[in-house]
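Computed from the coordinates by the stated procedures, all read-outs in this text should not be read as laboratory data. This one's a predicted model, so the numbers in the text were calculated from it and none came from an experiment. Backbone-built Cβ (ideal geometry, glycine too); neighbour counts: all protein chains shown.
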Amino acid sequence: MRKLFFLLSSVFLFAENNQTKSIEAAKKIALVASTEYLKVLKNAMKSHLMEKGPKGAIDYCNKNAYPLTMKTSVKLSRKLHVRLKLKRISFKNRNVADYPNATDVPILKELSKTDPKHPKMYVKEYPTRIDVYQPIYVQKICLRCHGKHLNKDVVKELDKYYENDKARGYKVGDFRGAVVVTIDKKSLEKYLHNQ
Ligand code: HEC
């Protein structure tokens, strides 16, 4: 009986240990992925802003934010050796598709209360996937299209694409939303096994 208990508890400990390992690995991978993804978006937005001005950059973001997100998910899955998917969510969103879903809402609420000086990550585990949430804060350059005092050409262009644009009136340091990195658990286990 004691032997069985010992055996069972060590199996349990082993499973628990593996689970912690997966979560830790998911956090590390998600940090790399979300940082890279935000860099890709910012660089694309900045180069269009410089070459074509705010009108061209808004047109670019409208047509490319989604395809670029899909492309970056595929690229980073290959680079980091796990199947992952990226998305951006916000309560004060511009694109209607970026509003958080029912499972995102409570986590985004928690994240919105964290201090921008000490950004925090949230992790939620499901049977087949791990979702990692990374907060996004407003920087100076973002104000050109998300700030309080928008240029009238910017307003005109935004109104053209977004009927119910809630992503205006932000200040530097405001909580803007989050990047969600969804990691497929099977591919993560395979990756850890091959380490
Ligand atoms: C040239 C204008 C422009 C600038 C500058 C800009 N954005 Fe945006 N942003 C947009 C547009 C347009 C969308 C909607 C894209 C779409 O339709 O998918 C958007 C969408 C977003 C979203 C997705 C959530 C939502 O509201 O739909 C986030 C998050 C975001 N921007 C953050 C930022 C941050 C952070 C910065 C600064 C680093 C920034 N943006 C700078 C134009 C801009």
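Descriptive notes on the structure:
- Qualifying GluC sites (Glu not before Pro) for the stretch 105-195 [loop in DSSP, other Cβ within 10 Å: at most 11]: 163
- Expressed in units of 2.2 N^0.38 Å, where N is the residue count, the Cα radius of gyration of the chain is 1.23.
- Folded to 0 to 90 degrees: helix 152-161 orientation relative to the chain principal axis, Cα: 60 degrees
- Rounded to the nearest 500, the helix-only mean residue ellipticity at 222 nm of the chain stands at -20000 deg cm²/dmol, with each DSSP H run of n ≥ 4 adding -39,500 (n - 2.57).
- Between residue 17 and residue 148, the simple label model (points 7 Å from Cα in the Cβ direction) yields a spacing of 5.6 nm.
- Fully extending the segment from residue 171 to residue 156 would add 3.3 nm, taking 0.36 nm per residue of separation and subtracting the current Cα-Cα distance.
- The chain: angle of helix 2-80 to the longest principal axis, Cα-based, in degrees nearest 10: 10 degrees
- Other-chain or far-sequence residues with amide H under 5 Å of residue 169's (modelled H): 147, 148
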